[in-house]
Every structure is written in C-alpha cells, then in structure tokens.
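The values are calculated or read from the model by the stated rules, or taken from the named source; none is laboratory data. Model, not experiment: these values are computed from the prediction. Here the Cβ positions follow ideal geometry from the backbone for every residue, glycine too, while neighbour counts run over all protein chains shown. Accessible surface is based on the protein model in full, side chains and every heavy atom, while ligands, DNA and RNA are left aside. Shrake-Rupley method; radii C 1.70, N 1.55, O 1.52, S 1.80 Å.
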Amino acid sequence: MKYLNASFLKQLTIDLCAIPSVSGNAKEENRCAEFILEELNKTICCTGTLFTAEIFKCEHDPLERKAVLALLRAPKATNRTVLLTGHFDVVDTEVCGDLAQKAFDLETYTEAIKSKDLAKNIRSDLDSNNWIFGRGSNDMKAGLALFIATIRELALDPELNINIAFLAVPDEEANSAGMRGSVRRWSEFIQEERLEVVAALTGEPCFWTSETKNSPAYRPYYTGTTGKIMPLFMTLGAEAHIGCYYEGFSAALLLAHLVTCIEGHPELIAGQGDNVLTPPACLSMQTRRSVYSVTLPERAVTYFNVLTIEKSPDEVLDWCRNMAAMATMNAVDQLSNSARAYRQKGGIAPDVKDVGIYTVQNIRSIAEAKLGSGQLQKKELEFYESQPKDLDARELSIRMLEHLVMSADVKGPAIIVGFVPPYYPARLNTQKNVNEKRLRLLMEDLTQQASQLAGDGAVRLVDVFGGITDLSFLGFDGDRNALDALVKNMPGWGKTYWLPIDELLSMDVPVANMAGAGRDAHKATERLELTYSFEIAPKLLLQAIRRLGE
C-alpha cells in the first residue's frame with residue numbers, strides 16, 4: 001500500500017505533532033488545520049473517484065479557529081457515506097517539566113525521556129522500541145494521520161463502494177468549541193451533497209486500560225460515548241453580622257450541605273461492569289466575595305461534574321432540585337439545633353428562616369416580570385459585553401447568574417439550581433435501527449480480529465467510552481423538551497455556551513472509535529503503540545470502511 005504503511009503513517013504523525021496546537025492557541029490550531037488541508041489536497045484520484053476539501057471558521061468561536069471538511073466520492077454513485085472525524089488540538093505540556101519544549105518533537109522526546117525516573121511498566125514500553133512518546137502521539141494525531149492516509153489510499157481504489165467524509169476540528173480538549181461550531185456546516189454539507197451517513201468513526205485511540213485484580217489490561221473499542229453535564233448551585237444567604245449570627249443565614253452553610261449531599265452520590269453512578277462511570281464530583285465551591293468581611297456569606301456557588309449514559313438534562317435538573325431540598329432540610333436542622341443550644345445558654349435566637357428553592361428559569365421569570373423581557377435582555381447584553389473576553393466560561397456563566405439575581409431582586413436564604421458549561425450528550429448504540437445494528441456487529445467482528453492480529457488477546461469491545469469525545473455532537477437521543485431544560489437553566493446561554501439544537505435533534509449517526517492504541521493521554525508519558533497503530537489499525541479501518549459500503 002502506498003500510504004497505509006508504517007513508515008508513512010509514523011512520519012505524518014510526527015509532522016502533525018510538531019505543530020504545538022494546544023487548545024486555546026488559535027494561531028497554532030489554525031496552522032494545524034492548514035497543514036491537514038495541505039496533506040489532504042495531495043490526494044490523487046483514480047478514474048471515477050472525486051475529492052474536495054475546504055477549511056472554514058468555527059461558528060460562535062471568539063478565537064476564530066478553523067476546521068477542515070473533505071469528501072471522497074466513490075467511483076460508482078452512492079449516497080452511503082462514512083464519516084472519519086477527530087480533533088487536532090492537544091493539552092499543554094507543563095506536566096513534562098524541563099522537557100516541555102521537546103514534547104512536540106516525538107523522536108527527540110522519546111530519546112530524552114530515557115533519562116527520567118520512570119515506572120516499571122513505562123520503562124518496559126520505552127525499552128521495547130515499540131512505543132513513541134510525546135504530546136499528541138496518542139491523543140490523537142496518530143488517528144488523524146491514519147484517516148488522511150486512508151483517504152489518499154482509497155482515492156486510488158476503483159472498487160471503493162462508499163463515500164468517505166472527513167471532519168477535523170480544533171478545541172476538543174477545552175470546551176469542544178470546534179465541533180459545536182462545525183455541526184451546522186456539517187449538517188448543511190450532508191444536505192448539499194445528499195449524503196446518507198451510516199456511521200461516524202473517530203480517530204480517538206484505544207486507550208489501554210490499567211490492570212486490576214479482576215481484569216487484565218486491554219485496548220477498548222467502543223460504540224458509545226459518555227455524556228457530561230455540570231449542575232450549578234448558587235446559595236443565597238440572609239445577611240447578618242456574625243455577632244448577630246442567628247438573625248441571618250449563611251450561604252456557606254447551605255453550600256456545605258449541598259456538597260455533602262451530592263458528592264459521590266450513588267444514584268448518579270451510571271453504567272455497569274466495563275461501562276460503569278465515576279460518580280458526581282464537586283469541581284468548585286466558593287463564597288462570592290472579594291474582600292474580607294465579618295458578615296455572614298451572602299452568596300456562594302458550587303458546580304459538579306456529572307457523567308451520564310441515560311439521564312437527560314431535564315432529569316438531572318429534577319434530581320438536583322431534590323438534592324437542594326435535602327440539603328435545605330439538613331442545613332435548617334443543623335441551624336435549629338445550634339439555635340436551641342444557644343437559647344439554653346441564655347442567648348436569644350429567632351426561628352430559623354425558610355429557604356426557597358428556585359431554578360435559573362424561575363429567577364428569569366421573576367426578573368422579566370419586574371423589568372420586561374426586552375429590558376432584561378438589554379441589561380444582560382450590556383453586562384456580558386463588559387466582561388473580560390478571556391474569562392473562563394464557567395465563571396462567566398456564574399457572573400451572568402449573579403447579574404440575573406440582582407435584576408430579579410431575589411433575597412435569601414435560597415438555593416438556585418441550574419447548569420454551567422459544557423454539556424455533552426451521551427451517544428449510545430441501542431441497536432434501534434439498521435445502521436446501529438450493522439455497526440455493532442461489525443465492531444464485534446473487528447474486535448475479535450484485532451485480538452488475533454495483536455497476538456495478545458488484549459482487545460475488548462465496550463458500550464461506552466468513559467471519557468468525553470466530540471462524537472457527542474453527532475445527534476441527541478431525546479426530545480426538545482429535554483434540551484430545553486438545559487437551554488433555560490444555563491445562565492448566559494447563547495453567550496457563555498451554545499449548541500446547534502436543531503441540528504443535534506435532526507442527526508442520529510452511530511459511532512465508534514477506529515484508530516491505534518496508546519497510553520497515558522495528557523500525561524508526561526503519553527505514548528503510542530507503534531505496531532498496533534501503524535500495522536494492525538490500518539487493516540481494521542480499511543475493512544470497516546469497505547464493509548460499511550456493502
């Protein structure tokens with residue numbers, strides 16, 4: 001094969017990784033997009049195949065980053081199409097310490113890391129000469145190299161029986177601004193070219209799992225991707241000097257009980273067996289004041305990482321309201337017991353105040369009733385435009401909620417429930433249609449072949465990838481009402497975060513990963529398994545494409 005050989009794939013991977021396209025570095029991300037387009041445009045077609053490629057700006061991306069879209073048409077007219085997709089951004093190299101600047105030069109970094117104190121299994125991989133180390137090697141530029149080479153290879157095949165679409169995007173590692181900003185163009189492209197997309201294959205690798213007491217390590221292929229949602233809670237206290245403690249209500253007390261109630265809660269542990277996901281985890285908790293004060297905290301916020309398989313935004317919102325009610329009950333009980341003890345010692349303490357529970361949508365309704373919808377929108381836009389352009393999306397969303405609370409003039413004690421960015425829908429293969437059934441059977445077969453070709457049996461098919469991928473944005477398994485709960489309860493929706501709702505609801509593409517294998521993504525020891533990635537994975541991908549075209 002001219003392009004799908006280990007030498008070509010390795011060099012293309014090295015060339016891609018040499019571009020330090022760290023998420024947020026728009027200049028380098030766009031340089032990587034231009035390089036990918038240049039490589040794609042080297043495609044030579046045989047009689048009958050047609051190839052086109054374009055570069056475009058991602059919608060709603062303030063950094064004006066670009067994505068690449070291409071299509072290889074089969075010699076015999078067909079609308080059946082497989083999408084090859086992935087991201088070309090990478091995480092930064094700070095964890096690489098004094099080797100950080102070398103981490104984008106895979107061969108140099110692989111040599112340099114030999115001098116480091118490495119764990120036994122990492123040293124074993126390094127000494128085998130079957131692994132190459134460095135940023136982007138595993139996550140996931142080798143996958144893009146495989147896809148580019150596959151397109152160039154199959155453009156020479158007069159027997160190609162399916163169209164191959166290609167979409168490479170920036171910013172998967174941060175907020176998926178690349179994929180979210182490409183979905184509408186992708187949807188338009190499908191309609192313009194009259195394509196029937198029967199499957200989407202991502203270049204994300206098989207991330208080797210860790211060996212446990214109950215399971216050996218293995219390379220996982222998957223036919224689904226995890227969903228992620230970020231519940232937000234803002235607590236409003238009742239102001240009081242700490243010398244008059246019981247006249248107020250601490251927002252920090254409410255916040256503490258919320259975190260205690262929600263952290264690690266078993267009801268939100270999704271999945272089973274190989275597909276079990278980690279429980280909800282608090283990612284931030286803070287009182288919202290910028291100066292020292294001996295006043296009880298009047299406002300505090302916390303938000304959580306929640307991984308999902310089946311729960312939709314409206315279901316998560318309902319669950320969060322129940323947790324807010326439980327936290328309220330516990331906080332009131334604690335404060336009532338404290339007040340009782342204070343009275344017994346001779347102090348005077350009023351009855352504990354009632355705590356209100358609202359959603360962001362409730363607060364908006366109150367604000368609109370006071371100001372009118374038009375005036376509220378004007379004030380929100382002015383506030384949004386006054387904020388720093390490089391502000392973290394979660395912080396900006398929280399500030400938008402604080403502004404909304406002030407507009408509504410809502411007083412505490414209260415808990416407000418909503419969401420902060422980002423949101424990733426779960427994508428599952430439930431075998432509900434022909435395309436899903438076909439892809440599932442194909443992946444089962446290819447997984448068995450992969451085990452045999454690898455010679456170690458360490459390949460397994462799982463239902464859901466435990467991390468986050470851009471495959472989430474190739475459809476939504478639910479109705480508009482489920483998404484409305486997200487839209488109406490994320491402060492600053494359309495400014496702090498955005499999704500192409502209509503396109504999400506209209507698409508339903510079965511997904512799987514189909515690239516090489518590696519370990520330690522995002523770590524200083526990120527590495528790619530060479531033989532598997534450059535010799536076995538190409539054979540599996542070629543077979544997958546041809547069988548999907550049958």
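Is it the case that residue 482 is touching a Cys at 6+ places or on another chain (Cβ under 9 Å) and either closer than 27 Å to residue 308 by Cα or buried (at least 23 other Cβ atoms within 10 Å of the Cβ) (or both)? No, not satisfied. Filtering the stretch 1-35 to residues that are in contact with a helix residue (DSSP H, G or I) (Cβ under 9 Å, 6 or more places away or on another chain), more than 18 Å from residue 528 (Cβ to Cβ), in a helix (DSSP H, G or I) and hydrophobic (A, V, I, L, M, F, W, C) leaves only 35.
Of all residues in the stretch 254-269, those that are farther than 29 Å from residue 238 by Cα have Cβ atoms under 6 Å from Cβ atoms of residues that are aliphatic (A, V, I, L, M) and open to solvent by less than 30 Å² (accessible area, probe 1.4 Å), 6 or more apart or on another chain, in 268/306. Scanning the stretch 143-158 for residues that are open to solvent by less than 10 Å² (accessible area, probe 1.4 Å) and in contact with a helix residue (DSSP H, G or I) (Cβ under 9 Å, 6 or more places away or on another chain) returns 143, 144, 145, 146, 147, 148, 149, 150, 151, 154.
Scoring residue 191 on the criteria (1) more than 27 Å from residue 506 (Cβ to Cβ); (2) over 18 Å from the mean Cα position of the chain (by Cα) leaves a single failure, condition (1). Annotation: of all residues in the stretch 488-522 being part of a loop (DSSP other than H, G, I, E, B), over 30 Å from residue 218 (Cβ atoms) and among the charged types (D, E, K, R), the one that is farthest from the chain's Cα centre (by Cα) is 488.
Whenever a residue of the stretch 164-192 is closer than 21 Å to residue 35 by Cα, its partners that are aliphatic (A, V, I, L, M) and assigned to a loop (DSSP other than H, G, I, E, B), lying with C-beta atoms within less than 7 angstrom and at least six residues away or across chains, give the pairs 165/195; 173/91. Just one of the numbered conditions (1) in contact (Cβ under 8 Å) with a residue 40 or more places away in the chain; (2) open to solvent by 10 Å² or more (accessible area, probe 1.4 Å); (3) part of a helix (DSSP H, G or I) is not true of residue 113: (2). Restricting attention to the stretch 240-263, the residues that are within 25 Å of residue 401 (Cβ to Cβ) and either part of a loop (DSSP other than H, G, I, E, B) or aromatic (Phe, Trp, Tyr) (or both) total 5.
Could we say that residue 161 is surrounded by fewer than 23 Cβ atoms within 10 Å (Cβ to Cβ) and over 22 Å from residue 42 (Cβ atoms) here? It is true that residue 161 is surrounded by fewer than 23 Cβ atoms within 10 Å (Cβ to Cβ) and over 22 Å from residue 42 (Cβ atoms). Among the conditions (1) crowded, with 16+ Cβ neighbours inside 10 Å; (2) farther than 23 Å from residue 428 by Cα; (3) free of Cβ contacts under 8 Å to residues at least 60 places away in the same chain; (4) in contact with a helix residue (DSSP H, G or I) (Cβ under 6 Å, 6 or more places away or on another chain), the only one that residue 294 does not satisfy is (1).
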